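The values are calculated or read from the model by the stated rules, or taken from the named source; none is laboratory data. Since this is a predicted model, take the numbers as computed values, not measurements. Because the Cβ atoms are built from the backbone with ideal geometry, glycine has one as well, and the counts that use them run over all protein chains shown. For the accessible areas, the whole protein counts, side chains as well, though only heavy atoms, and no ligand, DNA or RNA atoms are used. Shrake-Rupley method; radii C 1.70, N 1.55, O 1.52, S 1.80 Å.
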Amino acid sequence: MSSDRINIAILEPSDIINEGFTNILLKNECYFFVFRVYSLDELSLLCSKEQINIVVVNPQLIINKSHEFTRLRRSYNHINWIALVYSIYDNELLSRFQSTISITDSFEIVSNKISQTIVRNTSSDATQEELSEREIEVLMQLINGLSNKEIADKLNISIHTVISHRKNIIEKTGIKSLPGLTIYAISKKIMQLGAE
Amino acid sequence: MYRTQKTYITAGTRMPELIKENPRILLLLEHLEVDFVVGDSTVSQLCSANSIPVELFLVFGNLYNGFFPDRKEIRSIKDIRLIIRFLKSNHHYYINDKYPEIIGYIRELQDLTKNEGVRLIKKFFQEYFNEVLEHLDYEDKTAFPYFIELIESRKTAPKTNFSVNDYQEHHTDVETKLGDLKNLLLKHIHITNELSTRRKLFFALMELEFDLKMHSLIEETILLPLIAEIEKSRMNEQ
């Protein structure tokens, strides 16, 4: 259940701005959770503990901490970093972020900017649900109890490819556990019942 | 689940309004052994009438309403025994309330549809629940006794095989399989008709999932940090 949830961290000192921003997000289509942090240290701790997808930062708070901020950004470069802007900043400062949201942006614009980052987050090849032939082969071997290495040897592909197939299987079916995948395979008639 | 726009609860919030807004608060009351005829009392009145520290009720209640506590709020909780009593009440609810209910609906579906997928779902759920039971047993026999001993003994932490990592791993596993079950029912297992039984089954699974989520959040974000602080202070005393 946590896999399709978008985790957003907000570093913004103003309660009013923070609440307003969260409320706009609530009306968005996506399923998300907002973590509020008060310092870069706290943000760094949070990023190490939770799978954060988007970080929204008031640039004021990083003005004298550019080293710290750059280091943090570099270690979590899969995260989308957004500046929440309500005064005038140096362009150099804002260029450290992927995008900016201004306090004067309308609800639709804020919503769109967030949605765009989310779309970028999810891989595009997992949109159709049907498994490919190769994925079905990998699935069958998984159910038979083979390890990644054994599957790679048997199907004559690299371990890396096996892992990527496994990732796609999970994304397409929404099923993560082996017993769950077994039921999936039986119900889709990929596998006969006797082999259970 | 957390996509809520619910009230942030304060000591002055009126109980009836709170419950009407989020009926799951009833389960919170049940776990705290408080009756739900709450009159027109406020949170603080209800707490003092039932000898519950108001700080704890606020943190737990707000968690049910979708708000994570901050460090200051967590540290305001002093009664670790009450947290453990609460968690044990969760156990009782899973074993005596949710499990029989869910298995009952699955059996009903099996009888009504004779669907092979339903039989597999039943097996999956039973195996899943056995894992949950193992974890609950671990808490009852290893984790909780260790915590209690730690609070009671004035000296250093007693030797134990309790491990925070085990704890968290169990939780992740429990959540994963329940998620799988929901996806199987929603996306993959085709059952014709019996909408009402299927809806009841699904609701029961969601209720189980919600309480399990609260259970692990309370353990991981509230209880374990409090325990870690005690452990640290004991180390310093040495």
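So the values come out like this:
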item	result
Sole exception among (1) within 12 Å of another protein chain (Cβ to nearest Cβ); (2) at pLDDT 90 or above for B:His171, by number	(2)
Qualifying residue in region B:147-157 (condition: within 26 Å of A:Thr173 (Cβ to Cβ) and in a helix (DSSP H, G or I))	no
Matching residues in region A:20-41 - criterion: being more than 15 Å from A:Ile79 (Cβ to Cβ) and either within 10 Å of another protein chain (Cβ to nearest Cβ) or not in a helix (DSSP H, G or I) (or both)	A:Thr22, A:Asn23, A:Leu25, A:Leu26, A:Lys27, A:Asn28, A:Glu29, A:Cys30, A:Tyr31, A:Arg36, A:Tyr38, A:Ser39
Residue that is surrounded by the fewest Cβ atoms within 10 Å (Cβ to Cβ), among those in region B:179-228 that are under 21 Å from B:Arg24 (Cα atoms) and of a type in the set (Ser, Thr, Tyr)	B:Thr221
Complete set of residues in region B:183-201 that are under 14 Å from B:Ile106 (Cα atoms), within 14 Å of another protein chain (Cβ to nearest Cβ) and part of a helix (DSSP H, G or I)	B:Leu184, B:Leu185
Verdict on B:Leu87 being assigned to a helix (DSSP H, G or I), open to solvent by less than 10 Å² (accessible area, probe 1.4 Å), more than 26 Å from B:Asp180 (Cα to Cα) and not hydroxyl-bearing (Ser, Thr, Tyr)	no
Of all residues making up region A:179-196, the number that are within 11 Å of chain B (Cβ to nearest Cβ) and more than 16 Å from A:Glu137 (Cβ to Cβ)	7
Set B:Thr221, B:Thr176, B:Thr197: member being in contact (Cβ under 8 Å) with a residue 24 or more places away in the chain, among the β-branched types (Val, Ile, Thr), within 18 Å of B:Ile121 (Cβ to Cβ) and out of contact with any strand residue (DSSP E or B) (no Cβ under 6 Å at 6 or more places or on another chain)	B:Thr197
Filter result (out of contact with any helix residue (DSSP H, G or I) (no Cβ under 6 Å at 6 or more places or on another chain) and not polar (S, T, N, Q)) within region B:31-42	B:Leu32, B:Glu33, B:Val34, B:Asp35, B:Val37, B:Gly39, B:Asp40
Pick from region A:20-49, criterion without any contact (Cβ under 8 Å) to a residue 40 or more places away in the chain and basic (Lys, Arg), ranking: nearest to A:Asn91 (Cα to Cα)	A:Arg36
Residue within region A:46-56 that is among the basic types (Lys, Arg) and open to solvent by 70 Å² or more (accessible area, probe 1.4 Å) present	yes
Within region A:50-104, tally of residues that are charged (D, E, K, R) and in contact (Cβ under 8 Å) with a residue 40 or more places away in the chain	1
Positions within region A:93-108 being over 24 Å from the mean Cα position of the chain (by Cα) and farther than 21 Å from A:Ser66 by Cβ, in sequence order	A:Ile103, A:Thr104, A:Asp105, A:Ser106
Residue, most open to solvent (accessible area, probe 1.4 Å), within region A:148-178, restricted to residues that are assigned to a loop (DSSP other than H, G, I, E, B) and either under 27 Å from B:Lys122 (Cα atoms) or within 14 Å of chain B (Cβ to nearest Cβ) (or both)	A:Lys176
Options A:Glu68, A:Glu92; residue that is among the acidic types (Asp, Glu), open to solvent by 70 Å² or more (accessible area, probe 1.4 Å) and in a helix (DSSP H, G or I)	A:Glu92
Region B:83-133, residues that are among the aromatic types (Phe, Trp, Tyr) and away from every other protein chain (no Cβ under 14 Å)	B:Phe86, B:Tyr93, B:Tyr94, B:Tyr99, B:Tyr105
